[in-house]
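Right, one structure below, let's go through it.
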Amino acid sequence: MTYEPLKIGNLTVPVPLIQGGMGVGISLGGLAGAVAAQGGIGIISTAQIGFREPDFEENPFAANIRAIGKEIAKARELAPRGVIGCNIMVALSHYKEYVTEAAKAGADVIISGAGLATQLPEHVKGFVTKIAPIVSSKKAANVILKLWDKHYHRTADFIVIEGPKAGGHLGFSKEEIEKSMEADTYDAEIRDIIAVVKQYEERYGTAIPVIVAGGITTREDVQHAMELGANGVQVATRFVTTQECDADIAYKQAYINCKKEDIKIVKSPVGMPGRAIENAFMKKVGEGITAPPKKCLGCLKSCNPAEIPYCITERLIAAAKGDVEEALLFCGANAWKEERITTVKEVIESLF
């Protein structure tokens, strides 16, 4: 099967692929630049992106703002003509400021999930940055596109549909996630979301590419997504075990070592279910043992440090730094299929 380039407004992406944003510190400028250099869209996660800055614990907001520019510049060095963007979660404190900073630093695209990105158009006014919400249901797509139409008289530049086999935080109940693993039950939802998008394509007289994400592991998965009507795919897990991924080698090795039964749906302090590799720390959490934050780093709008079982920032930073037994190891449903360290080029060639 041959694939058309992905066209997002005036951007042309030779390979219809977005590398999914993975935080904290898993997809930074190194991975994003490598993917963009190979013809896909490289995505930097801005979640606590400044965790390696010397003043991060004293002033995480300033450290994060500074690091956004640094990581975009790093990716741009690796792929001067590539398409580079950021994944910025709606749930983050200072969401508006991070979006504006990414646009100012030259992000070609911004993708937002972990909440409804109802105000995203407001935050990129005056910039040429393309924007996309992440949606998991027809209802969410309807709400966001209707609000953007009503309040900003515009529509999305593209849409990312994230299914229940994705890694990290998921926009589904635990029951919906478990049901999805028994059979391919999500196809109808993808078609319904695409039908909603088509209404806005007609209204605005413009193409709104649809990108399917969640469990895309093989060439057959890519082909299946395209047959459903997608214009491209978003892939994250496959890129973790590449040489270019920004994570510590121990994190990559955790994917290679894990078995299918090690991948669990876990309860996150964010209040959403998430998919992760079970390790010593998550077993303790499952037994009801709590690990109060050493210091609140102000990452999430809705977090109350006095009530959470553990600090998600602390545990995701531990993962990025390779302390894998004391970390939260987010992963996709098919992480257990990873067998060796590869390269970005190999992954893209295997998919397309």
- Note on the structure: Candidates Cys86, Cys258, Cys331; GNM for the chain (alpha-carbon contacts under 10 Å) flags as most fluctuating Cys258
- Could you state the accessible area per residue of the chain in Å², with a 1.4 Å probe and every protein chain left in place? 43 Å²
- Just how far, in whole angstrom, is the stretch 3-23 from the stretch 312-334 if you go by their alpha carbon centroids? 27 Å
- Item | All lysines inside 21 Å of Lys294 as judged from Cα atoms, apart from same-chain residues fewer than 8 positions distant | Lys267, Lys283, Lys284, Lys321
- Note on the structure: GNM on the chain, Cα springs under 10 Å; top mean-square fluctuation among Gly286, Gly163, Gly214 goes to Gly286
- Task: Find the relative contact order for the chain and round it to a whole percent, using C-alpha pairs within less than 8 Å whose residues are 6+ positions apart.
- Result: 18 percent
- Which value in nm describes the separation of the simple spin-label points at Glu176 and Arg154, placed 7 Å from the Cα toward the beta carbon? 2.8 nm
- Roll a 1.4 angstrom probe over the protein heavy atoms and tell me the percent of accessible area of the chain that is carbon or sulfur. 49 percent
- Taking the chain, the equivalent ellipsoid from its C-alpha gyration tensor has semi-axes in Å, biggest first, of 28, 23, 21
- Task: Would you look at the GNM of the chain, springs on alpha carbons closer than 10 Å, and say which of Tyr251, Tyr95, Tyr204 moves the most?
- Result: Tyr204
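The values are calculated or read from the model by the stated rules, or taken from the named source; none is laboratory data. Just so we're clear, the structure is a prediction, and the values are computed from it rather than from any experiment. Neighbour counts run over all protein chains shown; Cβ positions are idealised from the backbone, glycine included. All accessible areas refer to the heavy atoms of the entire protein, side chains included, with ligands and DNA or RNA removed. Shrake-Rupley method; radii C 1.70, N 1.55, O 1.52, S 1.80 Å.
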